[in-house]
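Undergrad: One structure coming up, written as structure tokens, with questions to follow.
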Amino acid sequence: MNAPANLFTDGKAYERLMGRWSQIAGAKFLDWLAPPKGLHWIDVGCGNGAFTEVLLARAAPAAVTGIDPSDGQIDYARTRPGTKLAQFRVGDAQALPFADNSFDAASMALVITFLSDPAKAAREMARVVKPGGIVATYMWEFPDGFPIRPLAAAMKSLGLGEPARPNVEASHRDAMQTYWRDAGLQAVDTTVIRIRVAFADFDDFWDSSTVPVGPSGKALADMMPATREQLKAKLREQLPIAPNGSIAYEAFANAVKGRVPANR
Ligand SMILES: C[S@@+](CC[C@H](N)C(=O)[O-])C[C@H]1O[C@@H](n2cnc3c(N)ncnc32)[C@H](O)[C@@H]1O
């Protein structure tokens with residue numbers, strides 16, 4: 001299994017870090033896909049079920065199967081009130097444990113940069129979806145679209161590193177388009193999803209963005225207290241803090257969709 005799964009071991013922490021941003025962007029992604037009701041979906045890299053919950057609420061699927069390599073994420077996904085109708089199992093996007101033509105549609109939300117072989121994941125989704133079905137993904141654009149980019153920027157300006165994502169370039173629209181076309185998908189189209197990221201105050205930003213999950217969270221967990229204080233000071237300098245203490249800025253994600261050829 002891929003090493004990056006080790007970045008996401010705690011579904012509750014992931015919820016604090018990314019859950020709400022995932023759900024806001026996920027809703028926009030589904031509005032763009034505008035899928036028919038009653039489909040059988042596979043949600044690849046379902047994580048703690050943040051997007052799966054939105055899928056169930058907005059797309060009225062007949063069934064959803066979520067797969068993710070992280071037990072910790074899946075354990076949390078199973079506890080969500082909105083995912084009772086979904087099935088979850090451990091699995092790898094690059095070797096989906098399903099027969100050809102098993103699903104009507106495949107989604108992969110906020111996963112592609114963590115894959116060592118995104119092209120393989122695109123081919124796998126195309127394989128398990130029936131002819132005519134939808135295959136789609138979206139990912140924050142790195143580095144500028146990421147919801148907690150101020151943290152990454154502050155770490156960088158202090159010379160502090162974080163575990164690398166295997167495929168940052170996969171967050172760009174041209175790369176996504178290439179994976180989709182090379183997987184034999186048709187009617188390939190892309191869009192940009194923009195959301196407003198907002199925090200009540202500095203502590204809200206800090207507490208949410210420094211949970212020990214994901215690349216920056218894992219780096220912070222190993223940081224000396226004095227270095228954490230330096231980072232806090234740098235962030236207070238760099239964040240767009242309004243006079244009332246609140247913080248808001250835009251994040252954006254790229255999305256791609258395509259269809260399995262009807263005559264495959
Ligand atoms: C940023 S989270 C996204 C979770 C969820 N889809 C969402 O929208 O909130 C990235 C997820 O990708 C998963 N992941 C990492 N490597 C993977 C792989 N090879 N196959 C499938 N998922 C993988 C991680 O375990 C993690 O849950």
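Undergrad: Residue by residue through region 124-140, which ³J(HN,Hα) values in whole Hz follow from phi under the Karplus form 6.51 cos²θ - 1.76 cosθ + 1.60 (θ = phi - 60°), with glycine and proline marked x?
TA: So the J values, rounded to whole Hz, are 5, 5, 4, 5, 7, 8, 5, x, x, x, 8, 10, 8, 8, 8, 8, 3.
Undergrad: Counting other beta carbons within 10 Å of each residue's own, what order do LEU235, LEU30 fall into, fewest first?
TA: Fewest-to-most ranking of LEU235, LEU30: LEU30, LEU235.
Undergrad: Where nothing but the Cβ of Lys and Arg (+1) and of Asp and Glu (-1) is charged, how large is the charge dipole of the chain around its Cα centre, in debye to the nearest 20?
TA: So the dipole magnitude of the chain works out to roughly 520 debye.
Undergrad: So what are the ³J(HN,Hα) numbers for region 228-245, from phi and the Karplus equation (6.51, -1.76, 1.60; θ = phi - 60°), rounded to whole Hz, Gly and Pro as x?
TA: 4, 5, 4, 5, 4, 4, 4, 5, 4, 5, 8, 6, x, 8, 6, x, 7, x
Undergrad: Grab the DSSP H runs of the chain that are 4 residues or longer, score each as -39,500 (n - 2.57), total them, divide by all residues and round the 222 nm result to the nearest 500 deg cm²/dmol.
TA: So the calculated ellipticity at 222 nm is -10500 deg cm²/dmol.
Undergrad: Would you work out if region 1-95 is rounded, prolate or oblate? Take a ≥ b ≥ c from the square roots of the eigenvalues of the alpha-carbon gyration tensor; rounded if a/c is under 1.5, else prolate when a/b is larger than b/c, oblate otherwise.
TA: Prolate, since a/c reaches 1.5 and a/b exceeds b/c.
Undergrad: Could you quote the convex hull projected area for the chain, Cα atoms only and averaged over all directions, in nm²?
TA: Here the figure is 13.1 nm², rounded to one decimal.
Undergrad: At q = 0.13 Å⁻¹, work out log10 I(q)/I(0) for region 119-264 with the Debye formula, treating every Cα as an identical point scatterer and leaving solvent out; two decimals please.
TA: For region 119-264 at q = 0.13 Å⁻¹, log10 I(q)/I(0) is -0.69.
Undergrad: Semi-axes of the equivalent ellipsoid for region 5-61, please: Cα gyration tensor eigenvalues, times 5, square-rooted, ordered largest first, whole Å.
TA: One finds semi-axes of 22, 12, 8 Å for region 5-61.
Undergrad: Once you sort the root eigenvalues of the Cα gyration tensor of region 190-247 as a ≥ b ≥ c, which label holds: rounded (a/c under 1.5), prolate (a/b larger than b/c) or oblate (the other case)?
TA: oblate
Undergrad: Still on this structure, please answer the following. Can you give the % of DSSP beta bridges in the chain that are antiparallel, to the nearest 5?
TA: Counting only bridges with both partners in the chain, antiparallel ones make up about 50 percent.
Undergrad: Based on a Kirkwood Rh over C-alpha pairs, give the Stokes-Einstein translational diffusion coefficient of region 52-153 at 10 °C and viscosity 1.306 mPa s in µm²/s.
TA: My calculation gives 107 µm²/s for D.
Undergrad: Here is a further query. Quick one: what are the phi-derived ³J(HN,Hα) couplings along region 217-224, Karplus 6.51/-1.76/1.60 with θ = phi - 60°, whole Hz, x for glycine and proline?
TA: The phi angles translate into x, 5, 5, 5, 4, 8, 7, 5 Hz.
Undergrad: When the Kirkwood radius is taken over all Cα pairs of region 152-225, what Stokes-Einstein diffusion coefficient follows at 10 °C and 1.306 mPa s, in µm²/s?
TA: For these conditions, the coefficient is 103 µm²/s.
Undergrad: Check ASP201: other-chain or 5+ apart residues with amide H under 5 Å from its amide H, H built from backbone geometry?
TA: ILE247
Undergrad: Quick check on packing: order 106-117, 66-77, 183-194 by the mean number of other C-beta atoms within 10 Å, highest mean leading.
TA: Highest mean packing first, the order is 106-117, 66-77, 183-194.
Undergrad: Pull up the cross-link candidates among the lysines for LYS234, meaning alpha carbon to alpha carbon under 26 Å and not fewer than 8 places away within one chain.
TA: Correct list for LYS234: LYS156, LYS218.
Readers should treat all values here as calculations from the given coordinates under stated rules, not as data from a laboratory. Since this is a predicted model, take the numbers as computed values, not measurements. Methodologically, a virtual Cβ is constructed for each residue, glycine included, from the backbone with ideal geometry; neighbour enumeration extends over all protein chains shown.
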